[in-house]
Amino acid sequence: MTATLLAGCLALVAGCASEQPSQPAQRVAATTPARPPVASEPVSPAPTKKPEAVKPQGNAINVRKVGWTKAKPVAKGRQVQLTWWSGVEPCTILDRVEVKETSKKVTITLYEGAAPKARNMACIMMAVEKTTTVKLKKPLGERKLVDGAKIK
């Protein structure tokens, strides 16, 4: 089989060498037989990973609001579990969470920034799903949950 493959490559090179300079790419494409894809073991989907649980650390630099993607009341509505997409630590940390409660709505705002030790660090750009749990003064009940990062 190796001899056959080597002979085929030599014939291909010889055929391309005799062509005019403007034609080699077309000639190779026309003479290369179509091959079926190589069979391999089935690829399984990446394992699903639970969001990384984090707590506010404070003392972050370059702090900004970040929107959450999910909010789920827990502990009989006395707490809210928030989930959002973020970056890797220490380049992206949860600085603080602000909660404003009224009789009609609960506004929760997440603030992220970089840990001070990441100041002169190269940071990779990789998305990490994170979660944190916020305690409320009163159970959520019928009040509306609002993402404070989306309020103008």
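The values are calculated or read from the model by the stated rules, or taken from the named source; none is laboratory data. Quantities reported herein were computed from a predicted structural model and do not represent experimental measurements. Positions of Cβ are generated from backbone atoms using ideal geometry, with glycine treated the same way; all protein chains shown enter the neighbour counts. To get the accessible areas, we keep the full protein, side chains included, count just its heavy atoms, and leave off ligands, DNA and RNA. Shrake-Rupley method; radii C 1.70, N 1.55, O 1.52, S 1.80 Å.
Determine, yes or no, whether T132 is crowded, with 18+ Cβ neighbours inside 10 Å and in contact with a helix residue (DSSP H, G or I) (Cβ under 6 Å, 6 or more places away or on another chain).
Here the answer is no, as T132 does not meet what is asked.
When the residues of region 117-139 are narrowed to those that are at pLDDT below 95 and not aliphatic (A, V, I, L, M), which ends up nearest to V66 (Cα to Cα)? Looking at the filtered set, the residue picked out is C123. Scanning region 61-94 for residues that are farther than 25 Å from G141 by Cα, without any contact (Cβ under 8 Å) to a residue 60 or more places away in the chain and open to solvent by 20 Å² or more (accessible area, probe 1.4 Å) returns I61, N62, V63, R64, W85, V88, E89, P90, C91.
Please specify each residue of region 108-129 satisfying the condition of being hydrophobic (A, V, I, L, M, F, W, C) and crowded, with 16+ Cβ neighbours inside 10 Å. I108, L110, A114, A115, A118 - these are the residues of region 108-129 that are hydrophobic (A, V, I, L, M, F, W, C) and crowded, with 16+ Cβ neighbours inside 10 Å.
Does E98 satisfy the condition of being open to solvent by 60 Å² or more (accessible area, probe 1.4 Å), acidic (D, E) and without any contact (Cβ under 8 Å) to a residue 12 or more places away in the chain? For E98, the condition - open to solvent by 60 Å² or more (accessible area, probe 1.4 Å), acidic (D, E) and without any contact (Cβ under 8 Å) to a residue 12 or more places away in the chain - is not met.
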